[in-house]
Amino acid sequence: MTSPERTADAVPDMRGVLTPDNGGEPDIASEAEVRRARRRSTLGHWALFLVLVLPNLALLAMFTYRPLLDNIRLSFFDWNISSPIATFIGFQNYAEWASSPESWQIVRTTVVFTVCAVAGSMVLGLAMALLLDQKLRGRNIVRSAIFAPFVLSGAAVGIAFSFVFDPHFGMIRDLLGKVGAGTPDFYQSPGWALAMITITYIWKNVGYSFVIYLAALQGARADLYEAAAIDHASTWTTFTKVTLPQLRPTTFFLSITVMLNSLQVFDIINVMTRGGPQGTATTTMIYQVYLETFQNQRAGYGATVATIMFVVLLIITLIQVRVMDKDQTR
């Protein structure tokens, strides 16, 4: 019996492609087909990538990057927002901002408000997350109640808290009156006015930090807590040596996002104090942008404040990300 000619047989090569058995010699046509198939596959993946990404990039370019670049360009002009003509003045807006005592007062107010708001939101959020991570009756209802203010309108919260802090008939006045304490004039004292909007902001936004910390706690490693219990570690030792190290990435993330959110607070300030009392006692940089652009009709100067704020935030964010990356590589 004669066997069929092996030159007519098709045998798979190492890539699983059927090629004629020609005595071990490479098949040039099959190699070319494999390369073409790979190119088609690569082009298909790139086409799918572009189809999915390009719409998002177009939206970002239209509504984020283009306005950002246009704002930077506008900061070099003197432009009354009601006028069609803008005059190029170079760095005069920046020089005016840097030489104005009011600008540095607003910077101090912004720093104090941001530091207090970020620290208050994160500390209270972590404390409530630690408490409500325990097996307590009705904890789901309490969790929902804590998070609910975060989704409310800032203007609505500001109006409600305007009555809470009212020195004549507000809830704070009633509570202080029961212990025989006087009521501060939150609407005339600069310090108390800043404290009022800070407390209002923390009350509204603490739910965000709470939810993020709670999710991180529920994803913590149980074996580390078991090891701490076997070693009879105290509650404080367990918190500082086991819990906090696992929450470090979450803390870095919250420090960036909560800071960015607090620096963009406008509605609460506009409703409760309108930047006052006594001029600019509660005016932050973002509120200064609004005042200069829409009230003082100086869009170029308002764009200058916004650009300075953007550069400062970019630097702070880059530093935070760099620190986080170094911490994760240890």
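Amide H contacts for PHE77 (H built 1.01 Å from N in the peptide plane; partners 5 or more residues away or on another chain; cut-off under 5 Å): ILE89. Taking N as the residue count of the chain, its C-alpha radius of gyration divided by 2.2 N^0.38 Å amounts to 1.54.
The residues of the range 33-92 expose on average 83 square angstrom of accessible surface per residue, using a 1.4 Å probe on protein heavy atoms.
Taking the alpha-carbon centroid of each part, what is the distance from the range 239-317 to the range 25-97 in angstrom? Value for the Cα centre distance between the two parts: 27 Å. The count of lysine pairs in the chain with alpha-carbon distances below 27 Å, taking only pairs 8 or more places apart or on different chains, stands at 4.
The amide H of ARG298, built 1.01 Å from its N in the peptide plane, has ILE81, THR293 as neighbours under 5 Å, considering only residues 5 or more places off or on other chains.
Roughly to the nearest percent, how much of the accessible area of the chain is carbon and sulfur, given a 1.4 Å probe?
Details: 13480 of 20450 Å².
C and S atoms contribute 66 percent here.
In whole Å, how far is the Cα centre of the range 135-175 from that of the range 113-134? The range 135-175 and the range 113-134 have Cα centres spaced 16 Å from each other.
If you add up the charges near GLY158, with Lys and Arg at +1 and Asp and Glu at -1, over every other residue whose beta carbon is less than 15 angstrom from its beta carbon, what do you get? Don't jump to the answer; show the numbers that get you there.
Values: positive: LYS204, ARG274; negative: ASP166, ASP267.
Spelling it out: positives minus negatives among the neighbours equals 0.
Pick out which of MET196, MET128, MET171 has the largest mean-square fluctuation in a Gaussian network model of the chain, springs linking Cα atoms closer than 10 Å. The residue that fluctuates most here is MET171. Over all other residues within a Cβ to Cβ distance under 14 Å of ALA47, the charged ones net out to +2, with Lys and Arg as +1 and Asp and Glu as -1. Net charge dipole, the chain: roughly 680 debye, given to the nearest 20, about the Cα centre with Cβ charges of +1 for Lys and Arg and -1 for Asp and Glu.
Restricting the calculation to alpha carbons of the range 101-218 gives Rg and Dmax of 16.5, 54 angstrom. Surface exposure of the range 226-330, expressed per residue as accessible area with a 1.4 Å probe, stands at 53 Å².
The values are calculated or read from the model by the stated rules, or taken from the named source; none is laboratory data. The structure displayed is predicted, hence computed values, not measured ones. Here the Cβ is made from the backbone with ideal geometry for all residues, glycine too, and neighbour counts use every protein chain on show. The area values use the complete protein model at the heavy-atom level, side chains included, leaving out ligands, DNA and RNA. Shrake-Rupley method; radii C 1.70, N 1.55, O 1.52, S 1.80 Å.
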